[in-house]
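The values are calculated or read from the model by the stated rules, or taken from the named source; none is laboratory data. Fair warning: this is a prediction, and the values are worked out from it, not measured in the lab. Don't worry about glycine lacking a Cβ; one is built from the backbone with ideal geometry, like all the others, and counts go over all protein chains shown.
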Amino acid sequence: MTRPVALLTDYGPGSEHVGALHAVIAAACPVADRIDLAHDIPPGDVRWGAVVLGRLAPLLPGAICVAVVDPGVGTDRAATAVELLDGGAVVGPDNGVLAELLPAAVGAVRLEVPPAASATFHGRDVFAPAAARLAAGAALAALGPRVELGDLVVPTWTSAAAVAGRITAAVIGRDRFGNAALDGGEEHLQIARLSRGDRVVVTAESARHPATVARTFADVPRGELLVHVDSAGLLALAVRDGDAVRELALEVGAAVEIAG
């Protein structure tokens, strides 16, 4: 049975690089459905690519995912295909972008880089062809030598910390609405003993901003800052009908403190 192929990259929506992935897969396995998961991962942002892949891939059980956020393309970083418990697989660089899916992995292989492959476009020349083979029914073992799951790259990323009345976190992602995702979740609100409706102060870039812990955007007046848990379970900052990233001058990696 042919399986769908889902694509996640930092190439940018509508770019020719996305088109190249579609073309390679369509040529090798024309009956496979192709799905664009996301192509707006910030360039080279491996962590955010891993976060987005980790929450989207489970929506397509059994699919073959291609994940290309690859600032080390052309170096000695490995190319990998990983088989998942749901019967699907994910193909991409072994640089951490696959890390969120590894708890659901059952096997992995290294992909050979063909001599004719471009040093700067492994998405087209390595990952898309491998995904097309898997979609057409090839076994994972046919793609390359086995590798131990414990040898795959799992970066040590920052994580929020909380004590009573205070959370310290870092910005790990942002969206087109200006919402900023932090490296914490509901559990940090609980540890800090902060509840929905509580008034707090958010400190970012040495500036202090009044905010409200809320369930959703409409819980606060227009233009007001809120702290909430987003649809992926991450602690987040938003401005109702506004742009928290711009108004708080937030960059990925910026430190944030939320205090009651």
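Numbers at a glance
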| item | result |
| --- | --- |
| Residue within region 218-241 that is of a type in the set (A, V, I, L, M, F, W, C), more than 17 Å from Leu189 (Cβ to Cβ) and surrounded by fewer than 22 Cβ atoms within 10 Å (Cβ to Cβ) present | yes |
| Residue within region 66-86 that is farther than 24 Å from Ala23 by Cα, free of Cβ contacts under 8 Å to residues at least 60 places away in the same chain, in a loop (DSSP other than H, G, I, E, B) and touching a Gly at 6+ places or on another chain (Cβ under 9 Å) present | yes |
| Single residue of region 96-117 satisfying the filter (under 25 Å from Ala23 (Cα atoms) and in contact (Cβ under 8 Å) with a residue 40 or more places away in the chain) that is nearest to the chain's Cα centre (by Cα) | Val97 |
| Ala180 vs. criteria assigned by TED's automatic domain parsing to the domain that holds Ala232 and either at pLDDT 95 or above or on the phi > 0 side of the Ramachandran plot (or both) | yes |
| Residue match in region 122-137 (condition: free of Cβ contacts under 8 Å to residues at least 60 places away in the same chain and exposed (fewer than 14 other Cβ atoms within 10 Å of the Cβ)) | no |
| Residue, nearest to Gly14 (Cα to Cα), within region 34-65, restricted to residues that are of a type in the set (Val, Ile, Thr) and assigned to a strand (DSSP E or B) | Ile35 |
| Selection from region 148-170 of residues that are surrounded by fewer than 18 Cβ atoms within 10 Å (Cβ to Cβ), aliphatic (A, V, I, L, M) and assigned to a loop (DSSP other than H, G, I, E, B) | Val153, Val154, Ala164 |
| Unique residue being more than 30 Å from Ala57 (Cβ to Cβ), touching a Gly at 6+ places or on another chain (Cβ under 7 Å) and of a type in the set (Val, Ile, Thr) when the list is Val229, Val245, Val213, Val202 | Val213 |
